[in-house]
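The values are calculated or read from the model by the stated rules, or taken from the named source; none is laboratory data. Predicted model, so just to flag it, every value in this text is computed and none were measured. Neighbour counts are summed over all protein chains in view; Cβ atoms, including those assigned to glycine, are modelled from backbone coordinates with ideal geometry.
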DNA sequence: AGCACGCCGACT
DNA sequence: GTCGGCGTGCTC
């Protein structure tokens, strides 16, 4: 007998294992590991992934696989293995790992329907139920649940007159276009045209089109050429003169876009030196991890492009990961321009259907290269020749929910599997990667010179406390204001950067200092100007802005914190003639608006580009000569050991936007902590010194890269319960782990309460703890009951990036 | 996760 | 007595 081991789509501890199913005779040769199937599971039907084909099962009474969802496996052997590896290393469910590797369109949709069991007894149903079934055979349970008839239905189900039917629906819908072509020979068409009555002008035109042009044509195009309606085509189809066919097409998110083909540039000496070891590695089919450390504007992308070119010439495939935020059309153009239709692009801006189509191009081997955000690391290539991770330090490569994987780790896993190089590129590598490069675990490649030998921009650090003392209470320092005027006069462009991360527009009473907090979370509410309301970013709580302070009834309650809107307002006051483009979540939420605004700025239709994080990287505008950072230190005070590193990275990235071409660039950094090394060293473009400095800090505080981290966060409605459970977990881990592990806690999370649930943490710092995952699994099992009762949540993050 | 089964309290 | 509350345990 043929048996399939199936991982079912039920993300729960108890079902996180394989279930065996009998393979019906007709499918014994069809079903393969990695295919999606529908299986009966208890009383319902669920989707599942076949992971193994066996000849027998320990389980005696097997149910049969109900249906097959794929013609060929959606997960190959390698991806199945990656799924198991993720389950093990991130402590997630296997099904969650599988689902993370596939486009959302392949996730099943479940529907529960009610059908009439026996139509002969239909009249026995109450009239109320009968009215539901007027002119239809099935009723969706979802509809019933919304009505008041739930109990009536349950009664009839119990009497056996109605039946529940469980449906598993594939979301994956392929886009089809209607094509029209002749169904008869040319001669027959001519005869038909001659026999047509005089008033059938459109039919005649249509047939004449096919007489001179018998190729299939899309209905849409045909209607345009002939200027007629569907009815005339339909008439000809029903007479058997034409026939309609459906053709599957891909939704092309880059339709209507023309990509100018580019050819390789000549590499500089430095670039040559950097690419050589990568190319050697490609030729030798050897796995190695390269860290390409290159200052902003040093031409890393050209090195990627040429390395990819070599890989594609060898008949292999390539993956390029780019942070979501810099997956701009500019970036995509560079790859599409060089490799044309061999490129698939995967990013969150695409619709589910578009993502699925791009994924299918990869799956069917129609493309050789994928450029995408984090999840593109799971591209189902089978002959990988290189993986490139650009802006290696970006935290968006770490997924913040289950499976909590880091794309870099997956890349290295795949690199070992395919014996191919991994290239991590950055102007500001993570300390983890740079430390590994220093220890020769990764091979370091350095690009110190900017292309065209352009100097890095001059950076001026402005002490905003000093400005305040001198009576300047605006958000622009004297120097920045001066420079703004100067650049405007010269007709040059300016980028103003507002670092909003960890800093929101909170509302405070100026008399008593009372800050409006969320009643369910220990975090300040954010003021949303668009609807004059206060909103909690964690639980969604909303309330109108109060007229007076709830604490002291003062009227002087106002919002603090500088939003882009406020900067824009102030700009219009001090520089009314400046044309400003504001880019933030509000102005870029509509699809394509991001690109539109950038094009506008690029074409010189504005003087100042004002924005948040999203303008920090990847942008390259020749006319930008001034970059202003309004508040450099807003995230320096976050409770995160990477705060200094992130500040340094951001300032370096932003400064890199200035003077990339002929005109020299200037950068002004405004800060309240000008003495902080992350700010001074960023202003001196001194990564090496920053690295040394920060390494000392990390060493003395036992943080990565000297120690690994694992963060356990416990949450519960009752404070006492959270504290005692976290306490128990902490002491249990102390017992299980070695002496050298540092176990901190229990302590309250940086956000101690979210959605009325208290949050406590335990942090584990360690160098080598083979027992850690086993110990953590034991912890999960011990509290399983309370977790499933939904009172307790336990989140375990191995190598966390967010400590909140 | 769902869903059935089963064991207790409060109703016609 | 039975309806329905939720706690418990199973799903090949």
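Numerical summary
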item	result
Candidates A:64, A:121, A:88 - the one that is in the same structural domain as residue A:17 (by TED's automatic domain parsing), away from DNA strand B (no atom under 16 Å from the Cβ) and loosely packed, with under 15 Cβ neighbours inside 10 Å	A:64
Qualifying residue in the range A:490-508 (condition: surrounded by 15 or more Cβ atoms within 10 Å (Cβ to Cβ) and in a helix (DSSP H, G or I))	no
Residues that are assigned to a strand (DSSP E or B) and within 14 Å of DNA strand C (Cβ to nearest atom), drawn from the range A:147-167	A:166
Residue within the range A:727-750 that is under 26 Å from the mean Cα position of the chain (by Cα) and modelled with pLDDT under 95 present	yes
Qualifying residue in the range A:2-10 (condition: touching a residue at least 60 places away in the same chain (Cβ under 8 Å), touching a helix residue (DSSP H, G or I) at 6+ places or on another chain (Cβ under 8 Å) and within 9 Å of DNA strand C (Cβ to nearest atom))	yes
Residue check for residue A:111: within 40 Å of the chain's Cα centre (by Cα), surrounded by 12 or more Cβ atoms within 10 Å (Cβ to Cβ) and assigned to a helix (DSSP H, G or I)	no
Complete set of residues in the range A:127-146 that are in a loop (DSSP other than H, G, I, E, B) and surrounded by 13 or more Cβ atoms within 10 Å (Cβ to Cβ)	A:133
Tally of residues being surrounded by 15 or more Cβ atoms within 10 Å (Cβ to Cβ) and assigned to a loop (DSSP other than H, G, I, E, B) across the range A:225-242	2
Residue within the range A:436-449 that is within 33 Å of the chain's Cα centre (by Cα), at positive phi and modelled with pLDDT of 95 or more present	yes
Options A:718, A:781; residue that is at pLDDT below 95, within 32 Å of the chain's Cα centre (by Cα), within 16 Å of DNA strand C (Cβ to nearest atom) and more than 16 Å from residue A:641 (Cα to Cα)	A:781
Residue A:107 in contact with a strand residue (DSSP E or B) (Cβ under 7 Å, 6 or more places away or on another chain) and at pLDDT 90 or above	no
Residue identified as modelled with pLDDT of 85 or more, touching a helix residue (DSSP H, G or I) at 6+ places or on another chain (Cβ under 9 Å), under 30 Å from residue A:703 (Cα atoms) and not assigned by TED's automatic domain parsing to the domain that holds residue A:530 among A:650, A:571, A:610, A:636	A:650
From A:672, A:677, A:703, A:691, residue being surrounded by fewer than 22 Cβ atoms within 10 Å (Cβ to Cβ) and not assigned by TED's automatic domain parsing to the domain that holds residue A:465	A:703
Candidate set: the range A:16-42, residues that are under 28 Å from residue A:793 (Cβ atoms) and out of contact with any strand residue (DSSP E or B) (no Cβ under 6 Å at 6 or more places or on another chain); chosen: the one nearest to DNA strand B (Cβ to nearest atom)	A:42
Scope the range A:612-644; condition crowded, with 24+ Cβ neighbours inside 10 Å and assigned to a helix (DSSP H, G or I); matching residues	A:615
Residue A:431 vs. criteria modelled with pLDDT of 95 or more and more than 29 Å from residue A:97 (Cβ to Cβ)	no
Test: residue in the range A:71-83 that is within 16 Å of DNA strand C (Cβ to nearest atom), surrounded by 14 or more Cβ atoms within 10 Å (Cβ to Cβ) and not in a loop (DSSP other than H, G, I, E, B)	no
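Residue-wise test of (1) farther than 30 Å from residue A:351 by Cα; (2) touching a helix residue (DSSP H, G or I) at 6+ places or on another chain (Cβ under 9 Å); (3) within 16 Å of DNA strand B (Cβ to nearest atom); (4) in the same structural domain as residue A:239 (by TED's automatic domain parsing).
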site: A:116; (1), (2), (3), (4): yes, yes, no, yes
site: A:126; (1), (2), (3), (4): yes, yes, no, yes
site: A:140; (1), (2), (3), (4): no, no, yes, yes
site: A:143; (1), (2), (3), (4): no, yes, yes, yes
site: A:150; (1), (2), (3), (4): yes, yes, yes, yes
site: A:168; (1), (2), (3), (4): no, no, yes, yes
site: A:182; (1), (2), (3), (4): yes, yes, no, yes
